[in-house]
1. Which one of the conditions (1) touching a residue at least 24 places away in the same chain (Cβ under 8 Å); (2) surrounded by fewer than 24 Cβ atoms within 10 Å (Cβ to Cβ); (3) not in a loop (DSSP other than H, G, I, E, B) does residue 274 fail to meet, given that it meets all the rest?
2. Could you pull out the residue among 336, 237 that is assigned to a loop (DSSP other than H, G, I, E, B), among the aliphatic types (A, V, I, L, M) and at pLDDT below 95?
3. Right, residue 281: surrounded by fewer than 24 Cβ atoms within 10 Å (Cβ to Cβ) and either more than 10 Å from ligand 1 (Cβ to nearest atom) or hydrophobic (A, V, I, L, M, F, W, C) (or both) or not?
4. Going through region 356-382 one residue at a time, which ones are closer than 24 Å to residue 188 by Cα, part of a loop (DSSP other than H, G, I, E, B) and of a type in the set (Val, Ile, Thr)?
5. Pull up region 194-226, narrow it to residues that are farther than 18 Å from residue 258 by Cβ and of a type in the set (Gly, Ala, Ser), then point me to the one that is surrounded by the most Cβ atoms within 10 Å (Cβ to Cβ).
6. Taking residue 354, is it closer than 26 Å to residue 66 by Cβ and either modelled with pLDDT of 95 or more or within 16 Å of ligand 2 (Cβ to nearest atom) (or both)?
7. State all residues of region 109-129 that are within 10 Å of residue 75 (Cβ to Cβ) and within 16 Å of ligand 2 (Cβ to nearest atom); if no residue qualifies, say none.
8. Exactly one condition in (1) away from ligand 1 (no atom under 16 Å from the Cβ); (2) in contact with a Pro (Cβ under 8 Å, 6 or more places away or on another chain) is not met by residue 143; state its number.
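The values are calculated or read from the model by the stated rules, or taken from the named source; none is laboratory data. Since we're looking at a predicted model, the values are computed, not measured. When we count neighbours, we look across all protein chains shown, and the Cβ atoms used for this are built from the backbone with ideal geometry, even at glycine.
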Amino acid sequence: MTASPSPIYTILENTKIDSALKSIAEKVLNNERISFDEGVLLYEKGELGFVGMLANYIRNKKHGNKTYFNRNFHVEPTNVCVYSCKFCSYSRLIKHREEGWELSIDDILNKIKQYDGQPVTEVHITGGVIPKQDFNFYQDLFKAIKQHRPELHIKALTPVEYHYIFKKAKVSYAEGMQAMKNAGLDSMPGGGAEIFDSKIRDEIAGGKCSAEEWLSIHETAHQLGIPSNATMLYGHIENFTHRVDHMERLRQLQDKTHGFNAFIPLKFRNQHNEMEHLPEATITEDLRNYAIARIYLDNFEHIKSYWAMIGRNTTQLSLNFGVDDVDGTIDDTTKIYSMAGSEEQIPAMSTRELVNLIKAVGRTPIERDTLYNVVQDYTYVVFEEDEKEKARMY
Ligand code: V47
Ligand code: SF4
């Protein structure tokens with residue numbers, strides 16, 4: 001029996017579509033990579049229905065109905081920072097450090113111990129950058145966590161932190177990353193990427209690691225067998241070409257190393273930061289952006305929508321626009337995202353809530369670990385919903 005051709009062919013034949021867009025659609029259906037210019041064209045001319053149809057085709061081909069999440073929690077060692085990114089709603093400048101927090105290794109371990117006996121699989125550690133939390137601090141921290149709970153996956157720090165602490169310790173990226181791995185680091189989260197274009201990066205995140213340094217630290221990590229994620233902060237002063245340039249650089253590195261697990265677009269939220277005057281992207285634009293990322297990044301297995309930032313409803317919609325992963329239970333007690341204006345005042349969801357959120361839009365919830373090994377398939381697991389929860393999910 002031969003597989004029947006995708007209904008998209010019929011749509012393309014019977015609908016009036018710009019010929020360049022049609023040729024992009026044919027490439028997608030033939031499993032061919034689209035070019036830089038075609039990426040820009042999708043942003044300029046691709047309507048939501050069109051890019052969504054193609055992205056959903058790719059998503060379903062790769063993952064069927066599966067939608068991944070994990071049981072994780074976040075720890076922010078400090079919200080004091082030597083940098084002052086204009087979009088950051090969270091950090092306290094080092095000169096106002098009395099308004100912030102700086103956790104010791106014991107403080108962090110106590111937070112981790114609060115999850116003893118709970119089936120969490122990952123701790124996500126990242127925060128501000130301060131001299132005190134240096135090369136030795138993080139090696140000691142990772143060792144202490146592994147000593148307490150060896151199976152807990154440590155996904156920690158971004159090139160923003162690593163570049164700073166390696167430079168201060170006068171070690172190369174390779175030496176530094178190897179030491180972190182030896183101490184217990186398992187993978188790296190995708191933060192600090194912002195937008196790679198140097199002009200825009202200087203304007204919104206001046207002083208911190210450059211795009212080249214960010215990419216180089218990820219490359220080094222991948223070479224050492226440390227996988228990672230990649231983010232893109234969009235919807236501020238960048239244009240469509242900057243977004244494609246960002247994804248192009250990631251696509252090239254992924255061709256080389258295959259070390260990225262997921263791409264996570266992060267919508268700029270405009271509260272309590274120096275870029276408050278900018279309007280936020282619309283939900284249509286958020287969905288178009290997920291879809292174009294799914295089409296462009298043909299060598300990334302997973303596209304993640306970070307529910308704590310984008311809200312539950314857009315997360316549910318995103319599952320038809322290329323997204324196959326919604327991050328995890330999170331349990332972010334420091335509320336880094338609600339501070340920037342996310343809808344989520346309590347950035348934590350129970351497994352039951354996440355499962356019901358995914359099932360409510362007809363997808364199959366799969367609990368994964370950080371490396372996408374399946375922990376549990378929830379197809380036949382039925383949770384009861386309480387009424388308040390139901391109201392949030394439909
Ligand atoms: O790099 C800061 C972003 C990132 C704002 O790898 C903002 O699994 C929007 O990278 N509006 C950190 N975004 C978070 C991050 C992340 C989150 C979840 C999962 C993973 C992963 C990574 O948050 C920063 C920055 O780009 N950010 N302020 C803001 N106002
Ligand atoms: Fe510091 Fe990160 Fe905030 Fe920039 S985004 S000011 S590096 S905490």
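1. The failed condition is (3).
2. Every option except 336 fails the conditions.
3. The answer is yes for residue 281.
4. Result: 370, single match.
5. The extreme case among them is 205.
6. no
7. Of everything in region 109-129, those that are within 10 Å of residue 75 (Cβ to Cβ) and within 16 Å of ligand 2 (Cβ to nearest atom) turn out to be 124, 125, 126, 127.
8. Condition (2) is where residue 143 drops out.
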